[in-house]
1. Calculate how many DSSP beta bridges within the protein assembly as shown are antiparallel, expressed in % of all such bridges and rounded to the nearest 5.
2. Could you rank B:244, B:289 by how accessible they are, 1.4 Å probe, largest area first?
3. So, taking all protein chains as they sit and a 1.4 Å probe, how much accessible area belongs to residue B:544, in Å² rounded to tens?
4. Return the percentage of antiparallel bridges among DSSP beta bridges fully within chain B, rounded to the nearest 5 %.
5. Which pairs break 30 Å Cα to Cα here: B:52/B:397; A:11/B:178; A:11/B:32; B:361/B:514; B:32/B:565; B:178/B:476?
6. To the nearest 20 debye, what charge dipole does the range A:4-84 have about its Cα centre, counting +1 at the Cβ of each Lys and Arg and -1 at the Cβ of each Asp and Glu?
7. I need the shape label for the range B:465-619. Rule: rounded when a/c is under 1.5, else prolate if a/b > b/c, else oblate, with a, b, c from the alpha carbon gyration tensor.
8. When the dipole is taken about the Cα centre of the protein assembly as shown, and only Lys, Arg (+1) and Asp, Glu (-1) are charged at their Cβ, what size is it in debye, to the nearest 20?
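The values are calculated or read from the model by the stated rules, or taken from the named source; none is laboratory data. Small disclaimer: the values here were computed from a predicted structure and weren't measured. Quick reminder, even Gly has a Cβ in these numbers, built from the backbone with ideal geometry, and neighbours come from all protein chains shown. Please note that ligands, DNA and RNA were not included when accessible areas were found on the heavy atoms of the full protein model with its side chains. Shrake-Rupley method; radii C 1.70, N 1.55, O 1.52, S 1.80 Å.
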Amino acid sequence: MANEQLILEVKEKIIKALNLADMTPADIDAEAPLFGEGLGLDSIDALEFILLLERDYGIKLKNPAEGKEIFKSVATMAEHIEKNRTK
Amino acid sequence: MIVKLADNIISPLGVGTQANYRAVKAGLSALKAYPATDLLPEGYFASLFDDKASFEERCIACAEPAIKEAGIDAASDRVIFIISTTKANVELLDGASAGSTTVIAGCDRQSPAAAALQVSRWFGNPNTPVVVSNACISGLAAQIEALRVIESGRCDYAVVIGADVVGRFVISGFQSLKALSPEQCRPFDADRCGLNLGEAAACIIYGAEVPSSPSAPQDDRKEASQDDRVWCAVSGAICNDANHISGPSRTGEGSYRALMAALDCLSQAVIAGSDRQSVVDDVAFINVHGTSTLYNDEMESIAIDRAGLANIPVNTLKGYFGHTLGAAGVLETILSMAAVEDGTVLGTRGFENIGVSRTLKLSSQNAPIEGGKQSFVKLLSGFGGVNAAMLFSRLYKDAVFTNRLNDSALLKIDAPKRSIDFVENSGNQIVKENAPKNLLRAKHNVEITPSRVVLDGAKLNVEAEGPALLEAIYRKYIGDWPKFFKMDPLAKLGFVASELLLQAEGGDRQPTDKRAVILFNRSGSLADDINYQRGIDGPDHLGSPSLFVYTLPNIVTGEIAIRNKYYAETSFYCIPEPDEELMQGIVEESLEPGMSAIAGWCECSSENDFNAKMYILEG
């Protein structure tokens, strides 16, 4: 489980990157699925996440398909960032 | 139905239609590996010109020989220029945006309409040129516009030019979408993993009638070498998926609908004495979009299968030229015509093992056309949910006669001879509905500028102005479509304007294929183009995929179609000024009887500077 501070940071970055107006970090459940239900994100949002990982944490996905597991929830994203970040 | 007078192609594979056709037939490809850059550290495959030329120069160089060959006077007011492009001069933003936007504002050639004027004026043409900016279907949408403008009698000849310049902006954008293949593309193959970009310019010229006079003195020697058939653009259709701005429909909805509509010929031309099946029986092949992305190729296979056409050979030319964007529809049409003349179904370069869910007749090898078939179908799909299909037929010259006096004609295909005859309209055999001029009525209208919102003549009280206005309208009057916040300023403007119109209209909103969305502006998606360019000019050179998607102006029409489940045509045109008469003419010619449209001007050159004047138009 990634630390609380990183989880909060990821939530804030998601809200900003995806222009989720009117949402606050408290509105996002870290364990809930990001795609399919919940926030109703789509394929372009997934591409924005890939950009976010690369730009803010120096993590480059070799294959966009890896994103499927990593972007399951805020918690899985934060975990991946903690393990792989280069900045 | 309109007649092709001349064509030309300039691509990295060669100069001239025949040079390109010979190269393709020989299996050559212009796709090659390019070294890594700051934007693309892994390098990429593309088909690019070695020499650099501006967008306008490329258009002019391509059109000039075609105009000469067609023997038309380009300076005549009976000629219109229709330009198909997705990004026109966007690459001029490169470097220019590093400092401020004032540099850009001073350089108006970045507005597609301004670039088009450079081209049409170079030829001395007095008419307003029309830019078709309908994402990757632009090349067919432009030919459909040619069909309409000539059939309506607004002009006698249309010079259709398709071109795009591929540079850092476009390449990084497709990279941000993870759509680029790291190797030569493999359309429909099980191992396909994306598209290659390509540069090209292609020009096709259409007229209402066969140009040469059969009664002129004939040179026997010359006559013997000439084929007595001409190419006709018979019909075409554009349909929206109403599904997603960048993801193709999983059911091939729009592509299937466009395909069926083009084959049914709708009101463009009805073929007397023959049904849809006899039209289908003459189709030698379907030249599809076939970009080699996972979802496009799968979607097209579903659409073709749903239309019951999976027994017709299918090919795509992306393996030879890459995806040439605004040029693609024109280039691929011209080469398909050359292939039919040569009795050949061109092979799909890069294809080996079928990798789509439906069984299609695909081959990497050229094959002879069976049964002397003289028609083909061209398909394209693009962002914004757009799909287009056109039917082209090669018909006997002496049989093509248009009765333009009463503007009604009966088209008849004599199956064994494969010729057509136009006969005088008689009694209930009217097959073409001729709408009187100005039949459209503005049911509701809305005007939005940074300082005011006026709906059906009444000023709305919105407590905001300038860049904050559109969000204020959304919050006060709409509020149930959070995707609004992801839109670029142009899409936000068109979206709120359409919502206000629909609220004025009232009633239940039902999915429909009877309402089109047709919008116009001058500068395309310039506001979002500048935003995207800022990203790639930044320290990481990373462009945002969601910003890139909106760098296609037709996305706003797609957003409206998706929100309301409109399966009819969506189109976006760039013209220099909000010329009401021109817009009305284009919309009128686009609508089948019984249809309505959300249409009008939707211009947004920056977040501070926008102007919409849109209508619900009904017949």
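1. Among the beta bridges of the protein assembly as shown, antiparallel pairing accounts for roughly 70 percent.
2. B:244, B:289
3. 20
4. 70
5. Over 30 Å Cα-Cα: B:52/B:397; A:11/B:32; B:361/B:514; B:32/B:565; B:178/B:476.
6. So the magnitude is around 360 debye.
7. Prolate is the answer for the range B:465-619, as a/c is 1.5 or above and a/b outweighs b/c.
8. So the magnitude is around 700 debye.
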